[in-house]
Amino acid sequence: MTTTRRELAPRYDAAVVEPAIYERWMSADAFRPADEPPPGAEPFVIIQPPPNVTGALHLGHALTAFVEDILIRYHRMRGDDTLWLPGVDHAGIAAQFVLDRVLAEEGESRQTLGRERYLERMWHFIDETRDVIGNQHRRLGASLDWSRLRFTMDEGSARAVRVAFKRLHDAGLAYRGEALVNWCPGCRTTISDLENIKHDETGTLWSIRYHLAGRDGSPDPDAWITVATTRPETLFGDTAVAVHPDDDRYRALVGREAILPFIGRRLPIIADEHVDREFGTGAVKITPAHDFDDYEVGKRHSLRMVTVLDETAHLTDEAGEFAGLDRFDARPRIVARLAETGDLEEERPHEMVIGRCDRSDDVVEPRLSVQWFVHVKPLAERALASVREGRTRISPVHFEKVYAHWMENIHDWAVGRQLWWGHRIPAWYCPDGHISVSDRVEGPDRCEACGREAAELTQETDIFDTWFSSGLWPFSTLGWPDDTADLRRFYPTQVMETAYEILFFWVARMMMLGLFFTDAEPFHTVYLHGIVRDPTGSKMSKTKGNVVDPLEMIGEIGADALRVALVSGNAPGVDQRLTESKLTGGRNFTNKLWNAARFVLGSRPAGETDGATAAGPSLPTRWIGSRLAAATDQATRQLDALDLAGYAATVYEVAWSDYCDWYLEMAKVDLRRDDATDAERSATWAAAADGLATLLRLLHPLLPFVTEEIWQALLEVAPASTSDEPLLIRAAWPHRGIRDDEAERTFGGISSLVRGVRNLRTETGTPAGAWVPLVIEPTDAAAAEMIRSATPYLETLARARPINTSGGSERASLVATSPIGTAWLGIDAGGGGGAARRDTRIAELDRNIARVRDLLATESFVAKAPREVVDRERQRLGDLEQEREQLIGR
């Protein structure tokens, strides 16, 4: 035997291999689609969810990249017109929050710099950080077409935003008005629901007396209604007291008036079904300008809207003597004064949900504000119909109900933000109060209503919510609003893959805006992945100290190993735990493949032959060809169905068990046999190389780095196996081969005998190196001939010698009954230990049968586990029951 011209290192070193492989792909421009689509090729396009420009890579990014890269590599190998377009989001409030902290450390602020200088500083800051997240994705192996990299603040995106807003405004869907919004006092801007993070906290519920108004309108000292509140500092904005219309305790008070403490405002007592009779006293204060539910009550009853908290959450002049105080400083003072006057009846702990700003951690306040809004109800109806009628599907399917619920109860979208970094709303105001909206960079020539010159107009200072520009992402990245070649070729896209957390905030908006502006669904499938949690099931957070840095993990075990850990067993929409065993399993798999490849590459026989033999292909060769054909068929169906966990299980099983544990061990027997001819050895090695090449193609989407490195080495010694394709990333996906049922049946008989011998050796404590005699009773003459030809494999794999098929030897212990015969192992022949061992084995089988039956009776396991895993357990149950029957019937 000879060595290859290029030997693989004894150990797979991901830190060395992976960067070099990525550079090889980049140098070959392997990620770009062809200049022209291949004839007859179907498009397959994923537009990358743009990560924040200031963000650091986390496991959510890693999982997103892995899932999308698997699909992209697969479709690229299938010959589809494949594009994975990368992008970066300008991050709006997140970027501004980061820069504001940097400026604070320098003794500066937005206010000291002014808008223009601040934005210049922001662009400089962004230019320094912009490539960080992209470089991190390169470490993951993401095969993105970097030549098409887009940024949500580049000129193409800016123009798309202006055109989109003007078209919405011209259609009557974008308007300026006053409504309640989420307000962060720390960031001093409206924020989206996604940025308003809910926390379970223990607060206080105060019960306060609101005295009833007497006939002269003054407070009646002996009559009151007691209201319950968790925010006494907002009472200065109360404009009513509400009770449930069916609450008998207060029925007589409806229509009367209560007097607001401190201020003396007269508050009507109203009946509204919004009131929860079980909350507090059953009577609640209504503060329409500072509570979303109260706002709706206020509109229903035409109540006055009184603002008592300014943009920094300090009390306004409406609070009288408490004006100017911070909300949390005012709270204890107000409570103390109520106690002094005898109007504080009770205070007790209360479990509640508090919204906090994702950036500043400030408690978010509902605040009445004049904002730009988009009327989304008609857009939502059309986007909902697309899902209900099947033009776009959501995986997993149960999220379609969640999507529908949100779309059916959608409210107008506040698109303005009181920030400086972002797309400025293209609206201009004239001194007469008219509004002009323009999609031109320089704005309108004059006021659209009265004709005042542009010099007299003032542009809106607010910017867009980042979700607005992101909502245009699937088509703005391809050149919209222009009719570009990329837009015609790659839109609509095929798959939008992202976390289920942003189904509403981003996916729904892409659907609504995509349909409105392009008259087409922006993607036909939405694939939602779950959250990666720590080993205990807790959500990862910096405050808990349980965050796993994927780059550190890649430095330890490699990107391929992390891919296996995150993708294996990961069903869409289901949270998963990242455990040490999963990480170890991923690393072990890459090492297993590496070592198998080292054996194949290092085992090429000396001499030049064509690998053909007169006898035709051996049983192991026929068997592995059939197994690889089955795996190819199954993996293809699974990837087409976006069953990534199933695909990972399939290729893992065929690589680890079929190819490495069974086939290569049998190939070693054939390569080392003294009576083998050069042609036979050459044929064995060629089959091993062909099988390895097919396996590398199947595994490449899951393990791109290690498979590419092995491919390069295999190319040198077996160019026919690799079809002379220099790069695996460009190689064709394996063709669905023909199954060889006879080979699989026969091989199954051999493997069951081998497993039986191995199990019995373990049970009896037989030393690993010891030979044991084996008696096999063939089912017929053909089986006897097959056993004879398979004897070298049985001897080596089962460590059994001699193997007797003529009978006559004492049969001490049953090994197995297979399609080719019944085998008996001659351990403790003539002794009395066989019966005891049999009884022990039967007891063990009973325990295992009970365990597997319980597992298969568990509905959650059968419903959620990959189909291959369930089928494997069912097969295992059958094997265990069959073995028990054999032992009992002996």
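The values are calculated or read from the model by the stated rules, or taken from the named source; none is laboratory data. Here the structure is a predicted model, which is why all the values come from computation and not from measurement. Cβ coordinates were reconstructed from backbone atoms using ideal geometry, including for glycine residues, and neighbour counts include every protein chain displayed. Surface accessibility is based on the protein's heavy atoms, side chains included, excluding ligands, DNA and RNA. Shrake-Rupley method; radii C 1.70, N 1.55, O 1.52, S 1.80 Å.
Quick check on the stretch 95-249: take the gyration tensor over C-alpha atoms, sort the square-rooted eigenvalues as a ≥ b ≥ c, and tell me if it's rounded (a/c under 1.5), prolate or oblate.
Taking the square roots of the gyration eigenvalues as a ≥ b ≥ c, the stretch 95-249 is prolate.
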Under the Karplus curve 6.51 cos²θ - 1.76 cosθ + 1.60, θ = phi - 60°, whole-Hz ³J(HN,Hα) for the stretch 323-334, x wherever Gly or Pro sits: 4, x, 7, 5, 4, 7, 7, 6, 3, x, 5, 5
Lysine pairs in the chain with Cα distance under 30 Å, only those 8 or more apart or on different chains: how many are there? 25
Shape verdict for the stretch 1-118, please, from the Cα gyration tensor: rounded (a/c under 1.5), prolate (a/b greater than b/c) or oblate. oblate
Accessible surface, per residue, of the chain when the full set of protein chains is kept, probe 1.4 Å, Å²: 43 Å²
Only Cα pairs under 8 Å and at least 6 apart count here; give the relative contact order of the chain as a rounded whole percent. 13 percent
Carbon and sulfur atoms account, in whole percent of the 1.4 Å probe accessible area of the chain, for 48 percent
Within the chain, helix-based [θ] at 222 nm, where runs of 4 or more DSSP H residues each add -39,500 (n - 2.57), nearest 500: -13500 deg cm²/dmol
By its C-alpha gyration tensor, with a ≥ b ≥ c as the square roots of the eigenvalues, how is the stretch 655-739 shaped: rounded for a/c under 1.5, else prolate for a/b larger than b/c, else oblate? prolate
Please list the non-local residues whose amide H lies under 5 Å from the amide H of residue 258, H modeled 1.01 Å from N, same-chain partners needing a gap of 5 or more. 213, 267, 269
Among 274, 525, 647, which residue has its Cα furthest toward the positive end of the charge dipole of the chain, with +1 on Lys/Arg Cβ and -1 on Asp/Glu Cβ? 647
Only Lys, Arg (+1) and Asp, Glu (-1) charged, at Cβ; the chain dipole about Cα centre in debye: 2000 debye
What's the ranking of 747-753, 354-360, 51-57 by average number of surrounding C-beta atoms within 10 Å, highest first? 747-753, 51-57, 354-360
With the calculation restricted to Cα positions, what are the radius of gyration and Dmax of the chain in angstrom? 35.6, 118
Roughly how many debye, to the nearest 20, is the charge dipole of the stretch 20-91 about its Cα centre, given +1 on each Lys and Arg Cβ, -1 on each Asp and Glu Cβ, and no other charges? 220 debye
Listed by chain and number, the residues whose amide H is under 5 Å from that of residue 415, excluding neighbours fewer than 5 places away on the same chain and using placed H, are 372, 373, 374
Listed residues 320, 307, 387: farthest to the positive end of the dipole of the stretch 303-422 (Cβ charges): 387
Which cross-chain or sequence-distant (5 or more) residues have an amide H under 5 Å from the amide H of residue 350, H modelled 1.01 Å from N in plane? 203, 204, 205
Could you derive backbone 3J(HN,Hα) for the stretch 289-301 from the dihedral phi with the Karplus parameters 6.51, -1.76 and 1.60 (θ = phi - 60°), listing whole Hz in sequence and x where the residue is Gly or Pro? 8, 9, 7, 5, 5, 4, 4, 5, 4, x, 5, 5, 10
Using the Karplus equation 6.51 cos²θ - 1.76 cosθ + 1.60 (θ = phi - 60°), what ³J(HN,Hα) coupling, rounded to whole Hz, does each residue of the stretch 722-732 give in order, writing x for Gly and Pro? 9, 6, 6, 7, x, 10, 5, 4, 9, 6, 7
Top positive-direction residue, dipole computed over the chain with Cβ charges, set 848, 10, 217: 848
Mean Cβ-within-10 Å packing, highest first, puts peptides 554-560, 128-134, 495-501 in the order 554-560, 495-501, 128-134
